[in-house]
Amino acid sequence: MIRVESQSIDAEASVPFAAFGKKLVHFRKKQLVCAQGELASALFYVQSGHIKLTVLSAEGKEATLTLLGSGDFVGESCLGPDGSLHTASAEALTDCAAIRIERKLVFDMLQCRPEFARLLVAYLVARNHRAQDDLVNHLFNSAEKRLARILLSLARFGKNDNTELILPRISQETLAEMVGTSRSRVNIFMNRFRRQGLVQYDNELEVRVHRSRMHELIQE
């Protein structure tokens, strides 16, 4: 059985960023938060909106790794040695607001604020577990079940009940990149999910995922 758990946190409620001179920054839709290969100079805590993480191969092929939202951190490569580079690009999928914490300030907070250190370590461990689960999902499940699991994972951005809301509506091209299949197959699966009552398209911006039914499909 595959478990899909939320990794996001309410860091601002746990740690008073204002005491450290937090810097709130805004990103427009499709604007880069950070780019693969750039110097990792800051950590971002997402307050609102959605961010897409992608990687680019040496051959120029791009792949979507995951989507992040409120309560997630972006740019954790800055925790590495001096001169560390971002290993992925982060692009705003919608208009976003994030708290930017400069690299030096991150280390200062890790030393003098143990609650922040515990919170960040717990977040990174949970994110690592999720990455391992994603790899297992990709290796052992069919494309249809991989898509179902991704939809459940994305639904963590919505309401915490049996019918969860994904905002915004994710393009089938992005879903295909995350699943590792073609857009046409994603379209077939999404139409099948809709006929089975697993998803519902409310409008051009919203997709409702019926959590309990989707879990049943994954566990078959």
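The values are calculated or read from the model by the stated rules, or taken from the named source; none is laboratory data. Here the structure is a predicted model, which means the values were calculated and not measured. When we count neighbours, we look across all protein chains shown, and the Cβ atoms used for this are built from the backbone with ideal geometry, even at glycine.
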Problem - Subset of segment 74-95 that is among the polar types (S, T, N, Q) and outside any strand (DSSP E or B) - its residue that is nearest to HIS50 (Cα to Cα) - result: THR94
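Restrict the check to segment 45-58 and report whether at least one residue is out of contact with any strand residue (DSSP E or B) (no Cβ under 9 Å at 6 or more places or on another chain) and either in contact (Cβ under 8 Å) with a residue 40 or more places away in the chain or part of a loop (DSSP other than H, G, I, E, B) (or both).
Yes.
Using the structure shown, decide if ARG113 is assigned by TED's automatic domain parsing to the domain that holds LYS23, farther than 28 Å from LEU154 by Cβ and in contact with a Ser or Thr (Cβ under 8 Å, 6 or more places away or on another chain).
For ARG113, the condition - assigned by TED's automatic domain parsing to the domain that holds LYS23, farther than 28 Å from LEU154 by Cβ and in contact with a Ser or Thr (Cβ under 8 Å, 6 or more places away or on another chain) - is not met.
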Handout entry: Filter pass, CYS78 being modelled with pLDDT of 90 or more and under 30 Å from THR181 (Cβ atoms)
Key = no
Exercise for the section: Being crowded, with 19+ Cβ neighbours inside 10 Å, farther than 19 Å from GLN47 by Cβ, of a type outside the set (A, V, I, L, M) and within 21 Å of the chain's Cα centre (by Cα) is the filter here, so list the residues in segment 85-124 that pass it. Expected result: HIS86, SER89
Exercise for the section: For segment 175-185, enumerate the residues that are touching a helix residue (DSSP H, G or I) at 6+ places or on another chain (Cβ under 8 Å) and either in contact (Cβ under 8 Å) with a residue 40 or more places away in the chain or not aliphatic (A, V, I, L, M) (or both). Expected result: MET178, GLY180, THR181, SER182, ARG183, ARG185
Exercise for the section: Can you confirm whether segment 199-214 contains a residue that is among the hydrophobic types (A, V, I, L, M, F, W, C), closer than 26 Å to VAL46 by Cβ and modelled with pLDDT under 80? Expected result: yes
